[in-house]
Amino acid sequence: MRQKILLVLAVIFGLLSAYLSYEHMQGLKRKYQSRTKKVMAIILTSSIEKGGTITESDISEIEVDRMANQNIQEIPWQRHKFAVLKRKANRTLPKGTILRYNDIKIERRRSDGLAGQIGSGNRAISISVDATSSVTGLIKPDDRVDIIGTFRFPEMKGDKSLDVITMTILQSVRIIATGKNMGLGSSSTLKKSRGYNTVTLELSPKEAEMIIFATQKGRLVLSLRDADETGFTNDLQSVNFRYLEENIDKYNKARQKRTYK
């Protein structure tokens, strides 16, 4: 009987020990995950010889975990068309390589300087920004932003009073440069150049005219997009005080449904 009791106790302690070990490992896993972030990087789907040109069929996206405070050396997937395609490999790169900046030759495709980064038919213009309008200076080259403007317009009442109106002017605008940083170096270069007071936008000629006019007539703020978002919002609005007052309750109810659904 004594042996049976000892056997049962041994099994119980064994199970308890296994459970505690499992919980300890899960705790470590949660602690690690809280300190990491998901990064969409670029992986080679075929081998590239040294000096070989990287094409769209040679790459794919891959999700990797990186420490939150770590300088990311991998080239972000959202920059593949500008930073990777048609570049030459600095060394032989086997299939499965996650691309870093030092794996490819950083050179301008058409000409030196900013002109080599502008898409055909587009123009580059710079606008002034501050900490608020540049999302605390966290916008980087090749990010996509919406441009939101606030202006004072005459009210539709026939008198000379003015009304303040906020509206989205352009969506999904590519950032070519922040200050003098065109984003062609490593992440350490990006970190050092975070302080800037201008951003350079890639626009069509007609869009450039509109944005230049808007900078003279009101305040522009950049709204940073998700790296993978490519869609456009069609039901945009012009917000003035009356619109804000009439729709506050509606927006709070909609937010409550999204938050607690």
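The values are calculated or read from the model by the stated rules, or taken from the named source; none is laboratory data. These figures come from a predicted structure and were not determined experimentally. All Cβ positions, glycine included, derive from the backbone under ideal geometry; neighbour counts span all protein chains shown.
Before moving on, here are some points about what is shown:
- The set of residues in the range 127-149 that are surrounded by fewer than 15 Cβ atoms within 10 Å (Cβ to Cβ) and part of a strand (DSSP E or B) contains only Ser128.
- If only residues of the range 181-205 that are over 19 Å from Arg144 (Cα atoms) and outside any loop (DSSP other than H, G, I, E, B) are counted, the one that is modelled with the highest pLDDT is Lys192.
- Restricting the range 218-232 to residues that are of a type outside the set (Val, Ile, Thr) and assigned to a strand (DSSP E or B) leaves a set whose member that is nearest to the chain's Cα centre (by Cα) is Leu224.
Yes/no per residue for (1) outside the structural domain of Ser133 (by TED's automatic domain parsing); (2) farther than 24 Å from Gly179 by Cβ; (3) assigned to a helix (DSSP H, G or I):
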| site | (1), (2), (3) |
| --- | --- |
| Glu207 | no, no, yes |
| Gln216 | no, no, yes |
| Asp235 | no, yes, no |
| Ala254 | yes, yes, yes |
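- Comparison of Phe241, Phe232 shows that the only residue that is more than 28 Å from Thr198 (Cα to Cα) and in contact (Cβ under 8 Å) with a residue 60 or more places away in the chain is Phe241.
- Odd one out for Ile72 among (1) at negative phi; (2) at pLDDT 85 or above; (3) within 27 Å of the chain's Cα centre (by Cα): (2)
- Exactly one residue out of Arg35, Arg79 is modelled with pLDDT under 75 and touching a Gly at 6+ places or on another chain (Cβ under 8 Å), and it is Arg79.
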